[in-house]
Amino acid sequence: MQRQFEKIVFHLLKITKKLGGKSGNIVLAGGAAMNCVFNGLLNKSKIYNNNYVPCYPDDLGVSIGGTYLLNETLSKKKRKIHQVRTAYYGPKFSEKEIFETLKKYKLIFKKAKNLNKEIANQISNGKLIGWFQDKMEFGHRALGNRSILADPRNKKMKDIINKAVKYRESFRPFAPAVLEEHSHKIFEIKKGLNVDFMEKAVKVKNNWHRRIPAVTHVDGTARIQTVSKKTNTKFYNLINEFYKITSIPLLVNTSFNLNGEPIVCNPEDAIRTFYSCGLDILVVGDYIVYK
């Protein structure tokens, strides 16, 4: 079914290109653009020079695209359209709010002197981390602010996460969040190409398969997220600390939620989910909660 999907959509893109003028760019959304395997093939296609899949690749993208079209059609003042590289538009909670919530539930917690170093060490020792920071992501993917993080070197990590938290099908892989300047060394993508929203599956280079088995799918691909210091400094610095310890510039990143539930939004959600599953450590802002 996947092969037929690819054949049909590439056929439609050729028609779109023929009818759509001389533009070498295309933006895709509307549900089909959630197909990360197909999205990974777009860069190899010669139909369009540049392609963009936003952080809202589902039907949300249709409504947002509709507003752009309406503006272009009816408005005298044209809106300049630019590539958005961030998805952090959701709620944010202050350090005071987080502290008061942790105290309210009488949890034992601490404020780390060097948060990134401590958590990177814990991840390298096999611990599962609930990571809650800053503004929540807009869209389907947890991109480092409402995430569960783990060590990509452990070939059993996918099963460990599924057993402890996700309770989902064993064939479904977890995604790597990789420092953007290292992505082309590990994955078969062009140097400087950004995959900000975990929207594309790309090949893992052969010499890396054994080094990061937790994020390498059976077909040798991974659904990557490139992490920029500019767009998410906290997440970047944590991965970089893990890199210093292990020489691996990426982490397993999956959404902070239980199977069948939405991604956690506020500190209360994070606490409840943490104590409802097999996570080892919860990080909320600068505070660490151990079980």
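The values are calculated or read from the model by the stated rules, or taken from the named source; none is laboratory data. Nothing here was measured: the structure is a model prediction, and the numbers come from that model. Neighbour counts run over all protein chains shown; Cβ positions are idealised from the backbone, glycine included. Note: accessible area is taken over every heavy atom of the protein model, side chains too, but ligands, DNA and RNA are not part of it. Shrake-Rupley method; radii C 1.70, N 1.55, O 1.52, S 1.80 Å.
Structure notes:
- The ratio of the alpha-carbon radius of gyration of segment 153-291 to the globular-protein estimate 2.2 N^0.38 Å is 1.06.
- Segment 92-121 and segment 55-82 have Cα centres lying 39 Å from one another.
- The long axis of helix 95-104 is offset from the longest Cα principal axis of the chain by roughly 50 degrees.
- When the C-alpha to C-alpha distance is required to be over 29 Å, the pairs from K104/K135; K185/K229; K14/K135 that qualify are K14/K135.
- Local charge for G31 was computed over the other residues whose Cβ lies under 10 Å away, with Lys and Arg +1 and Asp and Glu -1, and equals -2.
- Highest to lowest packing among 220-230, 237-247, 103-113, scored as the average C-beta count within 10 Å: 220-230, 237-247, 103-113
- With both residues required to sit in the chain, DSSP beta bridges show an antiparallel share near 70%.
- For the chain, the longest principal axis of the C-alpha atoms and the axis of helix 59-74 are separated by about 50°.
- Across segment 12-122, the convex hull enclosing all Cα atoms gives 219 Å³ per residue.
- Note on the chain: with neighbouring protein chains present and a 1.4 Å probe, carbon and sulfur make up 54 percent of its accessible heavy-atom surface.
- With protein chains left intact and a 1.4 Å probe, residues in segment 1-154 average 62 Å² of accessible area per residue.
- Cα-centred dipole magnitude for segment 211-288, charges only on beta-carbon of K, R (+1) and D, E (-1), debye, nearest 20: 400 debye
- Within the chain, helix-based [θ] at 222 nm, where runs of 4 or more DSSP H residues each add -39,500 (n - 2.57), nearest 500: -9500 deg cm²/dmol
- Straight-line reach from K155: taking Cα to Cα under 18 Å and skipping same-chain neighbours fewer than 8 places apart, the aspartates and glutamates in range are E169, D219.
- Near T246, once Lys and Arg are set to +1 and Asp and Glu to -1 for all other residues with Cβ below 11 Å from its Cβ, the sum equals +1.
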